[in-house]
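Asker: Please find one structure pasted underneath; my questions will follow.
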Amino acid sequence: MRWPFVAAILAGSFLLFLVQPMVARMALPRLGGAPAVWNSAMLVYQALLLGGYAYAHWLGRVPVRMQAAIHLAVLAVAALWLPIGLVAIDLPHDAEPALWVPWLFGASIGPLFFAVAAQAPLIQRWFSAATGGRDPYALYAASNVGSFGGLIAYPLLVEPLLALDQQSWLWTAGFALVFLLIAGCGLLLPRREAGARHVPHTSPAPGWRRVLHWIALAFVPSGLMLATTTFLTTDIVAVPLLWVLPLGLYLLSFTVAFASGRLLAELMAKFAPVTLLLFGATLIAGHQDYAYLNAAIGLALLFMVAVALHAHMYALRPEPDRLTGFYLAMSVGGALGGVFAALIAPVVFDWTYEYPLLILAAGLLMPQEHLFPFLERLWRGGTQAVRIKTLAVALIVMLLVWLGLSNPGGVLGPMSENLAFILVALVGLVAIGQRTAFLIALAGALFLFGGYRAIQFSLADARTRSYFGVYTVTEYLGERRLAHGTTLHGVQLAGADSTLPTSYYVPGSGVGQAMEMLEPLYGPHARVGVVGLGTGTLACYAQPGQRWRFFEIDPTVVEIARDSGSFTFLEECLPDPEIAIGDARLRLAEAPANSLDLLVLDAFSSDAVPMHLMTREAFDTYSQVLGDDGLLLVHISNRFLALAPVVSQAARLGGWHAARIVYVPSAAEMAKQATVSDWIALSKDPETLDRLTMDSAQWQPLDRYPGFTPWTDDFASILPLLRAFNPELKND
């Protein structure tokens, strides 16, 4: 009796989490690859999951065989949305992405996701009815194994091996299989039940405090999962596909927390406060020297916290007859966590403050017990004695934080913050088991080890947050820098050098050489397009008579470069620039043919790649907008991905001639904030390319990569390009 239900719940959950990255991938040509796009997609999935669980809860009022019949009818109606695909509508120019993106996902897969989402609580209830009341909660662990499998299968197997239309038909076949499995489970259900009209509740209803507790315990891991995704991809390391790992670990936490064997869950819950105290604050510091280590710490922290809170929720579970209400409350908490992290936080905060706030909330909610018996004895006493000891903890923590930040007379030595953090952490370890004292120590550690610095930036109005990321403007010795997440996006020097192109755009770089060849190649009225505004550095190559047009997806970047006064490249060099706001590929597709002589592609979200700007179809768009002798410059500097194979294959298929330059500036240029840059120049006219590259030996013909599958709108995978996993590309 057990295995048909296990197979149905595994298959349904596998499909549910296979479709999430699949539809996000389908949306890339329209939406780009910013982490916030994935967070918006997750918000839609959580809302649909909530709807599915609410429907499953409502369905509990009828006999189980009728439930099966109704649910099969709902699945049949949802099948009208097959095969999986996006609705045919483009993003309006003035649309708010935070609202429009969820609408697009909901309209495209809403009914299918809703119908499949309901099967997990329904099948657990049916299993209990078919087996005479056996505990069904272990099936939820199986459900999350299926979810994790679907999520991981997409980047590792489905995306590298199948085109999007093939992926869509694979999912359609899986939906048909789930339909048959659910029908099979329906046949195993008893024809008669106690009670004529519905399954009776034999256990008392949970109180509203218990329901709110369930919601809070689900809220924090859900919000922390999205906050971890944003925090890691913004402040630690912008490795593409990193968002798969937080969601996968979040799903695995349910498997551990809801498993019938409790040893692992109890062990992790016991040491979760230690992990929270030691590593929560470490991540807030955001040190870049150990980016991968910090990412691993963040993921381990998420998993420990999620297991601890979900295991506590499991310990507070109701009897099986109240199962769907329990899952409904869990879904409400998950959806609210998604709303907080994906919608509210980007609007309210200028940095990823949601991350430390959720760390504090986790410390408030997770069960705690003293680490050692002698610590328990230390905290014994009446209420008044505990209050005095808690006050002592607060005073000690405040003193250590002050010493760490101000270090009067160098009392703590050159590494005062690190030493103070260690001492605060030791106080926190002693306080584990006393919730208020532990929270005081945790808050002190967070404030000391990164929180104080983040608040300083916010108070100085040096940081701006938009749907597409966090932008930080810093000033040092007269130089102003713009960073998007962890990636430098522009530097402006002070005084007489304020119009000097810097960083990746110095005169000797690939784009610098192309700019200086504009008049010899195209005369005094050259037409220039730049995808990605940044600080507006390239505008200082503009000459009278030329026509320049920038393409920028984020209005916040336009405000920083043109209106804020932080950078003056545009003001000094191109006071009235033409800026097209919106996705560059869509805006270029609207432009007249042969309307540009030079197009510069320099659009990246931190180090994440806008995949839809690098496909064969995208290069066809660039070819259309450029003249017959037009020149395309592609910036491929990237810490994590080797992008030359993508451009090389697009050039081969599109009939482009291509050359590459990895420009290493001199010591004198580096003193003027020049950085190493990697550019590829492409043209349909070989003579144009020859004239650009003939005077510099640093230009080399672009290598061929015959084993690399070209990127198209229907097929693209970054796995072959990850430097960390492909030794032959590590130095490419």
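Asker: How large is the accessible surface of H213 in square angstrom, using a 1.4 angstrom probe and rounding to the nearest 10?
Answerer: 60
Asker: Let me ask something else about it. Ignoring everything but the protein chains, give the 1.4 Å probe accessible area of V427 in square angstrom, nearest 10.
Answerer: 30
Asker: Oh, and also: Quick check for you: with a 1.4 Å probe and neighbouring chains kept, what is the accessible area per residue of segment 435-574, in Å²?
Answerer: Per-residue accessible area for segment 435-574 comes out at 38 Å².
Asker: Apply the Karplus parameterisation 6.51 cos²θ - 1.76 cosθ + 1.60, with θ equal to phi minus 60°, to every residue of segment 509-526 and state each ³J(HN,Hα) to the nearest whole Hz, in sequence, with x for glycine and proline.
Answerer: For segment 509-526, the Karplus-derived couplings read 5, x, 6, x, 5, 5, 5, 6, 9, 4, 5, x, 7, 10, x, x, 10, 4 Hz, x marking Gly and Pro.
Asker: Take the alpha carbon atoms of segment 470-519, find their center, do the same for segment 408-422, and report the distance between the two centers in whole angstrom.
Answerer: Here the answer is 36 Å between Cα centres.
Asker: Ignoring ligands and nucleic acids, what accessible area does T230 show with a 1.4 Å probe (Å², nearest 10)?
Answerer: The accessible area of T230 comes to roughly 20 Å².
Asker: Go through the chain and flag any cysteine with no other cysteine's C-beta closer than 4.7 Å, please.
Answerer: Unpaired cysteines in the chain: C185.
Asker: Here's a follow-up. Which aspartates and glutamates, on any chain, are close to K389 with Cα under 18 Å apart, when same-chain ones fewer than 8 places away are left out?
Answerer: List returned: E369, E376.
Asker: Enter the accessible area per residue of segment 629-721 (Å², integer; probe 1.4 Å; all protein chains in place).
Answerer: 40
Asker: To continue, here is another question. Show me, for segment 385-392, the HN-Hα J-couplings you get by feeding each phi into the Karplus relation (A = 6.51, B = -1.76, C = 1.60, θ = phi - 60°), rounded to Hz, glycine and proline as x.
Answerer: 5, 5, 5, 5, 5, 5, 4, 4
Asker: So what are the ³J(HN,Hα) numbers for segment 203-218, from phi and the Karplus equation (6.51, -1.76, 1.60; θ = phi - 60°), rounded to whole Hz, Gly and Pro as x?
Answerer: 9, x, 5, x, x, 5, 5, 5, 5, 5, 5, 4, 4, 5, 5, 7
Asker: What is the percent carbon and sulfur in the accessible area of segment 472-534, measuring with a 1.4 Å probe over the protein chains and ignoring ligands?
Answerer: 55
Asker: How much of the accessible area of segment 641-732, probe 1.4 Å, is carbon plus sulfur, in whole percent?
Answerer: Carbon with sulfur: 56 percent of the solvent-accessible area.
Asker: Let me ask something else. Around V62, which amide H atoms from residues at least 5 apart in sequence, or from another chain, sit under 5 Å from its own amide H, with H modelled in the peptide plane?
Answerer: V199
Asker: Taking just the C-alpha trace of the chain, give me its Rg and Dmax in Å.
Answerer: Cα only, the chain: 28.4, 89 Å (Rg, Dmax).
Asker: Oh, and also: List the aspartates and glutamates whose Cα sits under 18 Å from the Cα of K684, skipping any in the same chain fewer than 8 residues away.
Answerer: Within the straight-line cut-off, K684 pairs with D597, E617, D620, D628, D629, D703.
Asker: Give the calculated FRET efficiency between R547 and K730 to the nearest 0.05, with a Förster radius of 45 Å applied to their Cβ-Cβ distance.
Answerer: 0.65
Asker: Short version: what are the Cα gyration tensor semi-axes of segment 395-516, square root of 5 times each eigenvalue, largest first, in whole Å?
Answerer: 42, 17, 12
The values are calculated or read from the model by the stated rules, or taken from the named source; none is laboratory data. Please read all numbers here as calculations on a predicted model, not as lab measurements. As a convention, Cβ positions derive from the backbone with ideal geometry for all residues, glycine included, and neighbour counts pool all protein chains shown. Remember, those area values only see protein heavy atoms, side chains included, never the ligands or the DNA or RNA. Shrake-Rupley method; radii C 1.70, N 1.55, O 1.52, S 1.80 Å.
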